[in-house]
Amino acid sequence: MTAQVTEVLHYKGEQLSMRTEPLSNYFAQMGHQPEFQAQSTACWRRYVGKWEILLDRLYLTGVSATYADGTAVTLDSLFPGFEERVFAHWYTGVISIPQGKVTQYVHMGYASRYERDLFLAVENGIVVDTQLRDNSHAISQGGSDE
Amino acid sequence: MNDWQLYAAIYLGVGFVVCLVVVAAHLIGRQKKSKFVRDMMNAVNPKREAFLYRMLEDLVVPTLAFFLVWLVWPVVFVLKIRDSLQKRAVAAQAVQAEPEAEPPGFALNDSELLRQVTVDEVERTNLIQDPLEAVPNIPFGHCNARWVLFRESLQANETLWEFESTRSELAGVQAMWGYAVKREGKVDRFMTSGWKLKIGVFE
């Protein structure tokens with residue numbers, strides 16, 4: 001499986017990569033995913049979501065994808081009446097944000113390793129905790145920090 | 001012209017034709033799928049919009065690639081065959097994601113039911129607040145359609161219950177809550193509306 005394009009997260013004035021897919025959780029909870037065009041093995045989920053954390057809340061602010069009929073996916077088409085942002089109240093889990101340089105590239109999913117990982121614990125769309133993990137110790141010991 | 005020169009000329013001649021075919025295929029493919037790929041890559045890296053980046057991607061790299069393909073064109077055939085095999089694998093696995101709302105096999109116990117509730121009560125107490133008003137003012141917000149299906153599935157011989165459980169189908173969850181339908185004295189189905197993460201969920 002090819003390395004996957006991450007989601008995009010705006011957080012504290014920075015644009016970050018996000019290795020978590022809250023929109024897929026939404027589709028799973030709703031029991032239906034709209035049919036998007038498959039275009040690249042680097043994007044098996046067939047979309048890239050743009051997210052933002054404001055006031056400690058997780059918002060979906062855009063989706064890059066194409067419907068099977070060739071029309072562009074918009075936020076409004078997925079969440080009628082919401083063109084600019086959608087509060088992701090359905091999402092509970094840990095958001096993983098790689099930071100720093102790639103220390104080990106893995107050509108599969110989100111398996112590449114970075115210097116640091118920022119984790120955000122989110123409950124029902126609200127950020128309740130954060131943790132920054134420095135992976136340099138694990139690297140010097142030869143790998144696993146799981 | 002000696003034999004060596006003749007073979008080189010044939011090799012480069014065939015290579016040039018292969019290059020033209022590759023360029024044509026690239027241009028056709030680019031027309032077909034450029035929007036998605038462009039949007040996707042721009043979303044990940046906005047610097048792609050910059051002039052220098054565009055020059056690099058639209059002119060320098062294709063030119064270098066052209067000459068490289070010309071020189072080692074047999075490799076293109078190998079890569080094309082591998083690419084088409086991969087695309088077949090993608091098509092085979094690209095099944096529409098339609099999982100169950102609640103995974104089969106996970107059942108609630110009677111002891112996890114808190115109290116019987118009415119539809120009106122549920123709808124009154126599950127309006128989701130957001131300071132940026134990025135959620136509809138309807139029960140369960142963006143997940144309203146799921147609730148509507150659940151509500152409409154209620155039969156006359158069934159009752160609606162509020163539940164809270166310390167078990168969950170999700171990893172790292174300390175508790176979850178929502179609504180369950182009881183039928184003939186047993187929990188028949190349920191809909192989760194919220195979760196609480198375990199303390200130390202990062203570890």
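Readers should treat all values here as calculations from the given coordinates under stated rules, not as data from a laboratory. Everything quoted here is computed from the prediction, not taken from an experiment. Heads up, the Cβs are rebuilt from the backbone with ideal geometry, glycines too, and the neighbour counts pull from every protein chain shown.
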Legend entry - strands (runs of 3 or more DSSP E) completely within segment A:30-145 that count 2 or more residues being more than 30 Å from B:GLY178 (Cβ to Cβ): A:93-104, A:113-123, A:126-134
Inset, instruction - Give the number of residues within segment B:108-129 that are surrounded by fewer than 19 Cβ atoms within 10 Å (Cβ to Cβ) and within 14 Å of chain A (Cβ to nearest Cβ). - result: 3
Inset, instruction - Output the residue which, of all residues in segment A:43-66 that are surrounded by 22 or more Cβ atoms within 10 Å (Cβ to Cβ) and among the aromatic types (Phe, Trp, Tyr), is farthest from the other protein chains (Cβ to nearest Cβ). - result: A:TRP51
Inset, instruction - Can you confirm whether segment A:83-92 contains a residue that is more than 28 Å from B:SER193 (Cα to Cα), surrounded by 17 or more Cβ atoms within 10 Å (Cβ to Cβ) and touching a helix residue (DSSP H, G or I) at 6+ places or on another chain (Cβ under 7 Å)? - result: no
Legend entry - Any pair with Cβ under 8 angstrom, 6 or more apart, that starts in segment A:35-52 at a residue that is in contact (Cβ under 8 Å) with a residue 12 or more places away in the chain and farther than 12 Å from A:GLU21 by Cβ and ends at one that is charged (D, E, K, R) and crowded, with 18+ Cβ neighbours inside 10 Å: A:PHE36/A:ARG46; A:GLN37/A:ARG46; A:GLN39/A:ARG46; A:LYS50/A:GLU7; A:GLU52/A:ARG85
